[in-house]
Amino acid sequence: MTLLPAVPANRTLGGSDIAISPIAWGMWRLAEDGRSAAEAARLVHAALDAGITLLDTADIYGFNGKTGFGDAEALLGEVLAAEPGLRGRMVLATKGGIMPPLPYDQSAEYLNTAIDASLKRLKTGTIDLWQIHRPDILAHPQEVARTLDAAIAAGKIRALGVSNFTTAQIAALNHFLGSKLVATQPEISPLRIDCFENGELDQAMQLGLTPLAWSPLGGGRLLRAAGAHDLAVADALDAAAAKAGVSRSVATYSWLMAHPAGIVPIIGSQQPERIAEGTAALALRWSREDWYAVLVAARGEALP
Ligand code: NAP
């Protein structure tokens, strides 16, 4: 049986020279449960020690917490201040552009303030990957591009990405940018397969964008599978996982990574052993038969 190609262990972020791991760790849930800086540091170490160097956060993460906004970035900033050597070991990705209750603002004035605030909270001089979190329908892409190019020129940001953008929104923004996009971050999982067929991944390959998959386990729903559809998806993943002797989570990450666009799943767990376990996905190779069996279960109907 022919296997799909192995996932390269070393990657760069889009067309940039920024080296990343083929799997990332996300901090959406970092500031939950009253986590201390020492506990957060343990998670950062778990990711880095496992070879996961791309770390993703956002200014909005933790907005239900102490200060109402920016708690996840601030917690990571505390970790970095306590152990400055960590910063150089990671590719630091964050996002901005959502400010409740607006909800979205990509005016030059707001973006400049948001980027400066993120740098301050993260206690760092530069953000490796800065992403627009969600598109602001009221912002002209030319103005957004001008603002972000200026932030790159000022050394505040090394590379740019977007999240939750349509293909047309990506094309329009990229057209006006001097420093072209290197990443896009849509929701992708076996429970969210839209981008396999709606052109997002095809565009990523065409433009050389690295697709970062948010909620790769469906926010954990894949592990609590219930209902005929989710159970069928879980069964198809478990069949491949059993052959390889790995968990359903690892099989899921590797299923995403097998796509030719070079999807980088963002692990959402805040448990050190589950973060480290994710890297086992690199060793798994899929047959076309098993890969398509998961897709067919996810579609809920046979392919034409
Ligand atoms: P996920 O990996 O799909 O889900 C993580 C959740 O699943 C956690 O609550 C985790 O709990 C649980 N889980 C993981 N392994 C499990 C297991 N074996 N058994 C039971 N539960 C398990 O990812 P996510 O947290 O939803 O999202 C990942 C990252 O994507 C975020 O951190 C963020 O960086 C990014 N994101 C981006 C956007 C966007 O709009 N751009 C939106 C959402 C997320 P434990 O912590 O207890 O393991």
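So which pairs qualify, if the first residue must be in the range 92-120 and over 12 Å from residue 58 (Cβ atoms), the second must be of a type in the set (Ser, Thr, Tyr) and surrounded by 16 or more Cβ atoms within 10 Å (Cβ to Cβ), the Cβ gap must be under 6 Å, and the two must be at least 6 apart or on different chains?
Pairs that qualify, where the first residue is over 12 Å from residue 58 (Cβ atoms) and the partner is of a type in the set (Ser, Thr, Tyr) and surrounded by 16 or more Cβ atoms within 10 Å (Cβ to Cβ), are 108/147; 111/147.
Would you mind stating whether residue 211 is assigned to a loop (DSSP other than H, G, I, E, B) and at pLDDT 95 or above?
On the way: assigned to a loop (DSSP other than H, G, I, E, B): no; at pLDDT 95 or above: yes.
No, not satisfied.
What's the number of the condition residue 102 fails, among (1) farther than 26 Å from residue 217 by Cα; (2) crowded, with 17+ Cβ neighbours inside 10 Å; (3) not β-branched (Val, Ile, Thr)?
In the conditions (1) farther than 26 Å from residue 217 by Cα; (2) crowded, with 17+ Cβ neighbours inside 10 Å; (3) not β-branched (Val, Ile, Thr), residue 102 misses (2) alone.
Could you run through the range 257-303 and say how many residues are of a type in the set (A, V, I, L, M) and over 23 Å from the mean Cα position of the chain (by Cα)?
The number of residues fulfilling the criteria is 5.
Considering 278, 262, 220, which residue is on the phi > 0 side of the Ramachandran plot and in a helix (DSSP H, G or I)?
220 is the lone residue from the list that is on the phi > 0 side of the Ramachandran plot and in a helix (DSSP H, G or I).
Kindly indicate which of 73, 78, 39 is touching a strand residue (DSSP E or B) at 6+ places or on another chain (Cβ under 8 Å) and in a helix (DSSP H, G or I).
None of the other options fit; the residue is 73.
Report every pair of residues separated by at least 6 positions or lying on different chains whose Cβ atoms are under 6 Å apart, first residue within the range 219-243 and within 21 Å of residue 268 (Cα to Cα), second loosely packed, with under 14 Cβ neighbours inside 10 Å.
225/231
Which one is farthest from residue 133 (Cα to Cα), of the residues in the range 236-252 that are of a type in the set (D, E, K, R) and within 13 Å of the ligand (Cβ to nearest atom)?
Step one: filter the range 236-252 for residues of a type in the set (D, E, K, R), giving 238, 243, 248.
Then drop every residue that is not within 13 Å of the ligand (Cβ to nearest atom), which leaves 238, 248.
Details: 238: 33, 248: 29 Å.
Restricting to residues being of a type in the set (D, E, K, R) and within 13 Å of the ligand (Cβ to nearest atom), the top hit is 238.
Among 204, 171, which is free of Cβ contacts under 8 Å to residues at least 60 places away in the same chain, of a type in the set (A, V, I, L, M, F, W, C) and open to solvent by 20 Å² or more (accessible area, probe 1.4 Å)?
Details: 204 fails: open to solvent by 20 Å² or more (accessible area, probe 1.4 Å).
Result of the check over 204, 171: 171.
If we scan the range 275-285, do we find a residue that is surrounded by fewer than 19 Cβ atoms within 10 Å (Cβ to Cβ), touching a Leu at 6+ places or on another chain (Cβ under 6 Å) and touching a residue at least 12 places away in the same chain (Cβ under 8 Å)?
yes
If we scan the range 95-115, do we find a residue that is touching a Ser or Thr at 6+ places or on another chain (Cβ under 7 Å) and within 22 Å of residue 17 (Cα to Cα)?
Checked against the condition, which is being touching a Ser or Thr at 6+ places or on another chain (Cβ under 7 Å) and within 22 Å of residue 17 (Cα to Cα), the range 95-115 yields at least one hit.
For the range 286-304, which positions are open to solvent by 40 Å² or more (accessible area, probe 1.4 Å) and of a type in the set (Val, Ile, Thr)?
296
Before we move on, is residue 256 more than 11 Å from the ligand (Cβ to nearest atom), at pLDDT 95 or above, among the aliphatic types (A, V, I, L, M) and under 13 Å from residue 291 (Cα atoms)?
Against the criterion (more than 11 Å from the ligand (Cβ to nearest atom), at pLDDT 95 or above, among the aliphatic types (A, V, I, L, M) and under 13 Å from residue 291 (Cα atoms)), residue 256 does not qualify.
Are any residues in the range 1-44 within 15 Å of the ligand (Cβ to nearest atom) and either of a type in the set (Phe, Trp, Tyr) or at positive phi (or both), and if so, which ones?
25, 28, 33, 34, listed by residue number.
Touching a strand residue (DSSP E or B) at 6+ places or on another chain (Cβ under 6 Å) and open to solvent by 40 Å² or more (accessible area, probe 1.4 Å) - does that describe any residue in the range 147-166?
Within the range 147-166, one or more residues are touching a strand residue (DSSP E or B) at 6+ places or on another chain (Cβ under 6 Å) and open to solvent by 40 Å² or more (accessible area, probe 1.4 Å).
Of the numbered conditions (1) farther than 23 Å from residue 135 by Cβ; (2) open to solvent by 30 Å² or more (accessible area, probe 1.4 Å); (3) within 14 Å of the ligand (Cβ to nearest atom), residue 233 satisfies every one except a single condition; which is it?
Unmet for residue 233, out of (1) farther than 23 Å from residue 135 by Cβ; (2) open to solvent by 30 Å² or more (accessible area, probe 1.4 Å); (3) within 14 Å of the ligand (Cβ to nearest atom): (2).
Open to solvent by 30 Å² or more (accessible area, probe 1.4 Å), touching a Ser or Thr at 6+ places or on another chain (Cβ under 7 Å), farther than 13 Å from residue 267 by Cα and hydrophobic (A, V, I, L, M, F, W, C), is that true of residue 38?
no
The values are calculated or read from the model by the stated rules, or taken from the named source; none is laboratory data. All figures in this text were calculated on a predicted structure; none of them were measured in a lab. Every residue, glycine as well, gets a Cβ built from its backbone with ideal geometry; the counts of neighbours run over all protein chains shown. For the accessible areas, the whole protein counts, side chains as well, though only heavy atoms, and no ligand, DNA or RNA atoms are used. Shrake-Rupley method; radii C 1.70, N 1.55, O 1.52, S 1.80 Å.
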